[in-house]
1. Suppose we filter LYS36, LYS80, LYS75 for residues that are charged (D, E, K, R) and assigned to a helix (DSSP H, G or I); which single one remains?
2. Could you tell me how many of the residues in segment 9-39 are within 18 Å of THR102 (Cβ to Cβ) and either modelled with pLDDT under 90 or surrounded by fewer than 16 Cβ atoms within 10 Å (Cβ to Cβ) (or both)?
3. Condition check: among the β-branched types (Val, Ile, Thr) and within 13 Å of the chain's Cα centre (by Cα). Does ILE34 satisfy that?
4. Only one of these is out of contact with any strand residue (DSSP E or B) (no Cβ under 7 Å at 6 or more places or on another chain), over 15 Å from GLY14 (Cα atoms) and hydroxyl-bearing (Ser, Thr, Tyr): THR50, THR102. Name it.
5. Checking the structure you have, find out if any residue of segment 80-103 is of a type outside the set (Ser, Thr, Tyr), in contact with a His (Cβ under 8 Å, 6 or more places away or on another chain) and at pLDDT 95 or above.
6. Among the listed residues LYS75, LYS80, LYS90, which satisfies the condition of being surrounded by 13 or more Cβ atoms within 10 Å (Cβ to Cβ), of a type in the set (D, E, K, R) and out of contact with any helix residue (DSSP H, G or I) (no Cβ under 6 Å at 6 or more places or on another chain)?
7. Would a scan of segment 95-116 turn up a residue that is exposed (fewer than 15 other Cβ atoms within 10 Å of the Cβ), among the small types (Gly, Ala, Ser) and in a loop (DSSP other than H, G, I, E, B)?
8. Please state which of the following conditions ALA67 fails to meet, knowing it meets all the rest: (1) in a strand (DSSP E or B); (2) exposed (fewer than 15 other Cβ atoms within 10 Å of the Cβ).
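The values are calculated or read from the model by the stated rules, or taken from the named source; none is laboratory data. Keep in mind that what you see is a predicted model, and the values were worked out from it rather than measured. Cβ placement follows ideal geometry from the backbone for every residue including glycine, while neighbour counts extend to all protein chains displayed.
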Amino acid sequence: MTTRPASRLELLQGTLDLLILQTLLRGKAHGHAIAKDIRASSQNLLQVETGSLYPALHRLEARGWIAAAWDLSEKGKRAKYYRLTNTGRKQLQAEVRDWNQTAGIIGRFFELKAEDLS
């Protein structure tokens, strides 16, 4: 049996999409900035690799949840900027509602009861 480094967390399938949508709620951003924001918001516990980020961005764009356009970055280089669409905003609301419901269910499942401890 192998052990994983404690500093690395694996995301549940679909969680990356939710994190990207939440990040874009703050405004448009290019891929590197999205990854950096997720890392900073998670206090460096989540690091989104390029091989996961860009397929997720393409998937979200294909679903119409985000839109992309080329623009100049703060460093003067061309970068593809992503923004949340109205459909994406509605999807984010639904995803957050579902996430909170699921987290509540899982949380209740692991609550310790006095009779469980004896």
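1. Result: LYS36 is the single residue among LYS36, LYS80, LYS75 that is charged (D, E, K, R) and assigned to a helix (DSSP H, G or I).
2. 7
3. yes
4. THR50
5. Yes - at least one qualifying residue is present in segment 80-103.
6. LYS80
7. No, every residue in segment 95-116 fails to be exposed (fewer than 15 other Cβ atoms within 10 Å of the Cβ), among the small types (Gly, Ala, Ser) and in a loop (DSSP other than H, G, I, E, B).
8. Of the numbered conditions (1) in a strand (DSSP E or B); (2) exposed (fewer than 15 other Cβ atoms within 10 Å of the Cβ), the odd one out for ALA67 is (2).
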